[in-house]
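Below you'll find the structure, written out as structure tokens, and then a few comments.
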Amino acid sequence: MKFFLVLALVLAVGIIVFTAQNQTDITLNFMSWELSYSVPVMLALPFFVGAIAGMALIVPLWMKRGKTAKVQKKRIHELETELASLSEHTHAEESEVEQIEQSSVTEEEVR
């Protein structure tokens with residue numbers, strides 16, 4: 001945790017120094033468009049466009065995984081309920097078998 005905090009601090013200081021030292025405007029020409037901003041803005045623009053595009057691609061996957069996890073949790077709950085029911089049923093049958101075995105043993109002793 002401390003490492004990442006120090007890393008973030010170093011990165012932030014580096015960005016501040018870079019921004020302070022590069023206040024020159026640059027012009028970007030694309031077809032008929034012309035953009036003129038400082039160097040840090042022109043470098044940050046594609047970064048943020050890429051981050052937004054990446055999130056647009058990942059968010060649907062997160063939503064799909066969340067839905068799948070919800071369905072799986074529901075199925076797990078159903079299976080656990082079924083297992084508990086079967087366990088109770090098995091326990092009841094085992095008790096019944098023990099009673100039958102004990103009654104047969106006592107009948108044989110009577111003979």
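Per-residue ellipticity at 222 nm computed for the chain from its helices equals -31000 deg cm²/dmol, with DSSP H segments shorter than 4 residues left out and the rest contributing -39,500 (n - 2.57). Checking [x] 13, 38, 29, 15, 4, 0; [y] 15, 44, 32, 9, 1; [z] 10, 15, 16, 13, 10, 9, 8, 7, 6, 4, 2, 0 against the coordinates, the calculated P(r) over Cα pairs in 10 Å bins from 0, in percent falls under label [z]. Using the alpha-carbon atoms, what tilt in degrees (0 to 90, nearest 10) does helix 39-110 show relative to the longest principal axis of the chain? For helix 39-110, the angle is close to 10 degrees. Between the helical axis of 2-21 and the longest alpha-carbon principal axis of the chain there is an angle of about 20 degrees. If amide hydrogens are placed 1.01 Å from N in the peptide plane, which non-local residues have theirs closer than 5 Å to the one on Ser38? It is Ile26, by chain and number.
Computed from the coordinates by the stated procedures, all read-outs in this text should not be read as laboratory data. What you see is a predicted model, and the numbers here were worked out from it, not measured in a lab.
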